[in-house]
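Visitor: The following block contains the structure, expressed as structure tokens.
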Amino acid sequence: MRQIVLEQPGRLVSATARPPGCGAHEALVRVHRVGVCGTDQHAFEGRQPYFTFPRILGHELAVEVIESPPNARGIGAGTRCAVEPYLECGECHACRIGKTNCCERLRVLGVHTDGGMRGWFALPVDHLHPSPILSFDQLVLVEPLSIGAHAVTRSQLQPGEAVVVVGAGPIGWAAAQFALAAGGRVRVLEIDPCRRQYIEKHLGVETLAEPDDRRADVVIDATGNLAAMERSFDLVAHGGRLVLVGLVTERLSFNDPDFNRKELTVLASRNSVGEFPRIIRLLEQGQISSAPWITHRMALAEVPERFPRLPWREGCLKAVIEVGEDDL
């Protein structure tokens, strides 16, 4: 089978390998779609925390089950699934209290361990989320949608509250969708005019290129940019909440008197937990739309050449890799 390996920063190569075997609680899956994430971009550029080389990228996955052990979830040969890529230990404090998304020994596919930019894959059955209705194009978006959904859950957003989402990339887009669904009055702060126009057209939200003097009950920063994350502290109203979804390697700083005067609540949001079934249900019912998401496509064999040339800031919301029969 074909697999794409990030050997070192800036170097993706196509290689061949034998299909993997399965463990006792694993299913063998055939990969159909791989979403390209900002995490993959940062890894390619050599600035992704928790990352080692070489690595097979790919944690946004839509797969078809080829064989599966007996299970109570109805997952068998031919089942289409989204993949929850967060492999928890099940034993640490975070796992014991139900926060498997921040497991102390967490391994994320495509980051800490090899991911899905390949033809075949062995995965724990309990990390597969089936849908008899959704297409592979829809299933590959469940994971990025879950990141935005989890950020909104963390914010404890109430209907009618003012929300500012900072950054209109895929995670900001997802956060804006779920903030709207929760009854928030949403604005999006984004410096790129193409992204502002795109999210205005499809979500109907107000967008800003620069902050104004209105402060929000909830600010969700999805930029992964140090300067933007630090400025987000200033966007929150007195008594409000700031959710930091973005991740940087540097230390964040903020003005403590302002932080204290506002009695801000600052929350980290890592991955997601318990969101996949809800998102699949909402997609199946048509309550949230995935239609505008995929803006670019490429074949798995094209990744080494085309990945470095993706127009991240010029209209690329979500690139998807299609894995074909020739890759198996």
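Visitor: Could you grab the pairs with beta carbons closer than 6 Å, sequence gap of 6+ or different chains, first residue in segment 15-32 and within 16 Å of Val63 (Cβ to Cβ) and crowded, with 17+ Cβ neighbours inside 10 Å, second one at pLDDT 90 or above and hydroxyl-bearing (Ser, Thr, Tyr)?
Guide: Ala27/Ser68
Visitor: If you don't mind, another one. Go through segment 11-68 residue by residue and tally those that are in a strand (DSSP E or B), touching a strand residue (DSSP E or B) at 6+ places or on another chain (Cβ under 7 Å) and either farther than 15 Å from Gly116 by Cα or not small (Gly, Ala, Ser) (or both). Steps first, please.
Guide: Within segment 11-68, the first condition is being in a strand (DSSP E or B), and the residues that meet it are 11-16, 26-35, 55, 60-67.
Restricting the remaining residues to those that are touching a strand residue (DSSP E or B) at 6+ places or on another chain (Cβ under 7 Å) gives 12-16, 26-35, 55, 60-67.
In the following step, the residues that additionally are either farther than 15 Å from Gly116 by Cα or not small (Gly, Ala, Ser) (or both) were identified as 12-13, 16, 26, 28-34, 55, 60-61, 63-67.
Number satisfying all stated conditions: 19.
Visitor: Out of Thr16, Thr39, I need the residue that is polar (S, T, N, Q) and under 16 Å from Pro304 (Cα atoms). Which one? Reasoning before the result, please.
Guide: Working: Thr39 fails: under 16 Å from Pro304 (Cα atoms).
Only one candidate qualifies: Thr16.
Visitor: Another one. Just to verify a result, which residue in segment 169-222, among those that are among the polar types (S, T, N, Q) and at pLDDT 95 or above, is farthest from Ala268 (Cα to Cα)? So that I can check it myself, show each step before the final result.
Guide: Applying the first criterion (among the polar types (S, T, N, Q)) to segment 169-222 yields 177, 197, 207.
From the residues that got through so far, the ones that are at pLDDT 95 or above too are 177, 207.
Details: Gln177: 19, Thr207: 24 Å.
That would be Thr207.
Visitor: If Pro292 passes every condition in (1) in contact (Cβ under 8 Å) with a residue 60 or more places away in the chain; (2) not in a loop (DSSP other than H, G, I, E, B) but one, which one does it miss?
Guide: Status for Pro292: all satisfied but (2).
Visitor: Got at least one residue in segment 215-233 being in a loop (DSSP other than H, G, I, E, B) and touching a Phe, Trp or Tyr at 6+ places or on another chain (Cβ under 6 Å)? I'd like the intermediate steps shown before the answer.
Guide: Here is the first cut: in segment 215-233, the ones in a loop (DSSP other than H, G, I, E, B) are 215, 222-225.
Subset that is touching a Phe, Trp or Tyr at 6+ places or on another chain (Cβ under 6 Å): none.
The answer is no; no qualifying residue exists.
Visitor: Listed residues Arg261, Arg309, Arg297; which is exposed (fewer than 13 other Cβ atoms within 10 Å of the Cβ), out of contact with any helix residue (DSSP H, G or I) (no Cβ under 9 Å at 6 or more places or on another chain) and assigned by TED's automatic domain parsing to the domain that holds Asp40?
Guide: Arg309
Visitor: Return yes or no: is Arg80 over 17 Å from the mean Cα position of the chain (by Cα), closer than 29 Å to Gln8 by Cβ and at pLDDT 95 or above?
Guide: Numbers: over 17 Å from the mean Cα position of the chain (by Cα): yes; closer than 29 Å to Gln8 by Cβ: no; at pLDDT 95 or above: yes.
In short, no.
Visitor: I've got another one for you. Name the residue, out of Glu64, Glu60, Glu84, Glu45, that is exposed (fewer than 13 other Cβ atoms within 10 Å of the Cβ), assigned by TED's automatic domain parsing to the domain that holds Ile321 and not aliphatic (A, V, I, L, M).
Guide: Glu45
Visitor: Could you check segment 87-146 and list, in sequence order, the residues that are touching a Pro at 6+ places or on another chain (Cβ under 6 Å) and part of a strand (DSSP E or B)?
Guide: Val108, Leu109, Trp120, Ala122
The values are calculated or read from the model by the stated rules, or taken from the named source; none is laboratory data. On a predicted model such as this, the values are computed, not experimentally measured, just so you know. Because the Cβ atoms are built from the backbone with ideal geometry, glycine has one as well, and the counts that use them run over all protein chains shown.
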